[in-house]
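The values are calculated or read from the model by the stated rules, or taken from the named source; none is laboratory data. What you are looking at is a predicted structure, and each value in this text was computed from that prediction instead of being measured. Reconstructed Cβ throughout: ideal geometry from the backbone, glycine too, with neighbour counts over all protein chains shown. Keep in mind that these areas ignore ligands, DNA and RNA; they rest on the heavy atoms of the full protein, side chains included. Shrake-Rupley method; radii C 1.70, N 1.55, O 1.52, S 1.80 Å.
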Amino acid sequence: MAVASIGMTERVHDASKLDCQLEERSLSSSSLEGKVKDTMPSDFWEHLNAQLSAVPPDFSCALELLKEIKEILLSLLLPRQSRLKNEIEEALDMEFLQQQADRGDLNVSYLSKYILNMMVLLCAPIRDEAVQRLENISDPVRLLRGIFQVLGQMKMDMVNYTIQSLQPQLQEHSVQFERAQFQERLNKEPRLLNHTTKWLTQAATQLIAPSASSSDLQDCSSSAGPSPSDVAVPEPLSPAMVLSQGFLSLLTWDPENEEFPETLVADRARLQELESQQSQLTILASVLLVASSFSDSGLFSSPQFVDKLKRITKSLVEDFNSGPEEVMQSVSEQVVEEVHQGLKSMGLAALSSENTASLVGQLQNIAKKENCVRSVIDQRIRLFLKCCFVLGVQRSLLDLPGGLTLIEAELAELGQKFVSLTHHNQQVFAPYYTEILKTLISPAQTLTTKGGSL
C-alpha cells in the first residue's frame with residue numbers, strides 16, 4: 001500500500017509540472033485529421049482534387065472533410081455560444097449536404113467561404129494573419145487544405161487555453177494531495193524528516209560560515225568583469241535564503257550520498273537534469289568569455305556570430321563529462337577556426353600566432369575543475385539562480401553578473417525551471433520547513449509567504 005501511495009503521489013507531482021503549452025501531436029488514427037497526418041498529406045489532397053475535377057464531380061471525400069471541419073468548429077465554441085453552435089449545425093447539416101452532393105450541386109467554394117468567416121470569429125489574434133491569407137486563395141482544394149491546417153492550429157490554441165485555465169486548480173490540488181500523502185507517511189515513520197533537517201542545517205551553516213570558494217571568487221574575479229557583491233547573501237539569515245542555499249546545494253549533490261532530503265526525492269531526476277544543464281552552461285559561458293577576450297569587440301557584437309559559436313560549442317560539450325580534455329581540445333580547434341573566419345569576414349585584424357596559441361591554451365584549461373574562469377562562471381550562475389529563487393527570473397535578468405550576458409536566453413530557461421521546481425516544493429512542504437527552520441533561525445526573522453509560513 002505504501003508503494004502504491006508513493007507512486008500515486010509521484011504521478012500527481014508530475015502532472016502538476018506539465019508544460020502549459022502543447023504542440024500538435026499525432027492524432028487519433030480513427031479521425032480524418034489523423035489519417036491525413038499519418039500518411040503523405042499530398043495523397044489525400046490529390047485524391048480530393050481528382051474527385052472534384054471529375055465529370056460529374058465526386059463529393060464523397062469533400063463531405064468527409066466537411067464533417068471533420070464541422071466537428072473542429074464546434075469544439076472551438078464555448079458553452080455560452082449557443083447561437084453560433086446552432087448556426088454551424090444548420091450551415092453544415094451533413095444530411096442536407098449529402099442531398100446536395102447526390103444532386104451534383106454541392107457548392108464547395110461557398111461552404112469554404114462560410115467556414116473562413118466563422119474562423120475569423122473564433123480564432124485567437126495570433127491566427128488572424130493566417131486566416132486572412134486564406135481569403136486570397138481561389139483554388140478550392142488549396143483553400144480547404146489551408147483551412148484544415150489553420151483549424152488544427154486553432155484547435156491546439158483551445159487546448160492550451162483550457163490547460164492554462166485548469167493549471168491553478170491542478171497546482172493547488174497537487175500541493176494538497178502531496179502534502180497529505182507525505183503526512184500519512186510521516187505518521188508511520190516519525191524519522192522521515194531526518195535527512196531534510198540535516199540538509200537545511202548544513203545550508204544554514206554554509207551561510208553563516210561561507211566556504212573558501214568565496215575568496216577564490218575574489219582572487220580571479222578580474223577575469224570575468226566586476227564582482228556581483230551588490231547581491232551578496234544578506235544578514236541576518238532568513239528562511240528564504242536558507243532554502244535557496246539548500247536548493248542550490250542539491251545541484252552539486254554527491255551521488256554516493258544517500259542522505260538525500262526526503263521532501264525532494266520525487267524531484268531528484270529533475271534536479272540532476274538541472275545540474276547537467278548548469279554544468280554545460282558553465283562551460284559554454286567560459287568558452288565565450290575567453291574567446292571574446294581575444295577578439296575584436298565588433299565580432300562578439302554580431303548576434304549571428306555569437307549564435308553560431310554557441311551552437312557549435314553546445315553540440316561539442318554535450319559529452320564533456322565523458323572526456324573533458326578531449327572535448328575541450330575539439331572546442332578550442334573549432335572556436336579558433338570560427339574566430340579566424342569571423343574576423344576575416346568582417347574585415348577585422350587577424351589574431352597573431354601568439355594570441356592564437358594563448359587562446360587555444362586557455363580554452364583547453366577550462367577542462368580543469370580548478371580553472372579560474374570556470375570557477376567564477378559557476379559561482380555566478382549559482383548566484384543568478386539564488387536571485388531567481390528570491391527575486392524572480394525577470395528581475396534577476398535585469399542585472400546579470402559579468403560574463404553571463406551572452407547566455408541570457410539559456411539562463412532564463414534554466415532559472416525558470418529552477419524556480420518552478422523549488423517553488424512548488426516549497427508550497428508542498430512549507431509547514432515542515434517552517435518547523436525545522438524555527439530551530440535554526442530566530443522567530444523575529446521568520447517570513448510569511450503564500451502556501452505556508454515561510
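Odds and ends about this structure:
- Pairs linking a residue in segment 69-94 that is open to solvent by 30 Å² or more (accessible area, probe 1.4 Å) to a residue that is at pLDDT below 90, with Cβ atoms under 9 Å and 6 or more positions apart or on different chains, are E71/S31; S75/M158.
- Filter result for the condition that a residue is surrounded by 21 or more Cβ atoms within 10 Å (Cβ to Cβ) and not in a loop (DSSP other than H, G, I, E, B), over I283, I312: I283
- Check on G347, in a helix (DSSP H, G or I), small (G, A, S) and modelled with pLDDT under 95: no
- Test: residue in segment 367-383 that is assigned to a helix (DSSP H, G or I) and without any contact (Cβ under 8 Å) to a residue 60 or more places away in the chain: no
- Selection status of L398, out of contact with any Cys (no Cβ under 9 Å at 6 or more places or on another chain), farther than 24 Å from E178 by Cβ and not charged (D, E, K, R): yes
- Among the residues of segment 136-160, those that are open to solvent by less than 50 Å² (accessible area, probe 1.4 Å) and without any contact (Cβ under 8 Å) to a residue 60 or more places away in the chain comprise I137, L143, G146, V150, D157.
- Exactly one residue out of Q364, Q379 is at pLDDT below 95 and buried (at least 18 other Cβ atoms within 10 Å of the Cβ), and it is Q379.
- Lone qualifier among L421, L437 - being touching a residue at least 24 places away in the same chain (Cβ under 8 Å), in contact with a Phe, Trp or Tyr (Cβ under 9 Å, 6 or more places away or on another chain) and in a helix (DSSP H, G or I): L421
Yes/no per residue for (1) within 30 Å of Q98 (Cα to Cα); (2) in contact with a helix residue (DSSP H, G or I) (Cβ under 9 Å, 6 or more places away or on another chain); (3) basic (K, R):
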| residue | (1), (2), (3) |
| --- | --- |
| C123 | yes, yes, no |
| I126 | no, yes, no |
| E129 | no, no, no |
| P140 | yes, yes, no |
| Q149 | yes, yes, no |
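- For first residues located in segment 351-364 and touching a residue at least 12 places away in the same chain (Cβ under 8 Å), partners that are open to solvent by less than 50 Å² (accessible area, probe 1.4 Å) and among the aromatic types (F, W, Y) and lie 6+ apart or on another chain with Cβ distances below 6 Å form the pairs N355/F294; L359/F294.
- S214 being open to solvent by 50 Å² or more (accessible area, probe 1.4 Å) and either closer than 30 Å to N371 by Cα or modelled with pLDDT of 75 or more (or both): yes
- If you go through segment 257-280 and keep only what is surrounded by fewer than 21 Cβ atoms within 10 Å (Cβ to Cβ) and assigned to a loop (DSSP other than H, G, I, E, B), you end up with N257, E258, E259, F260.
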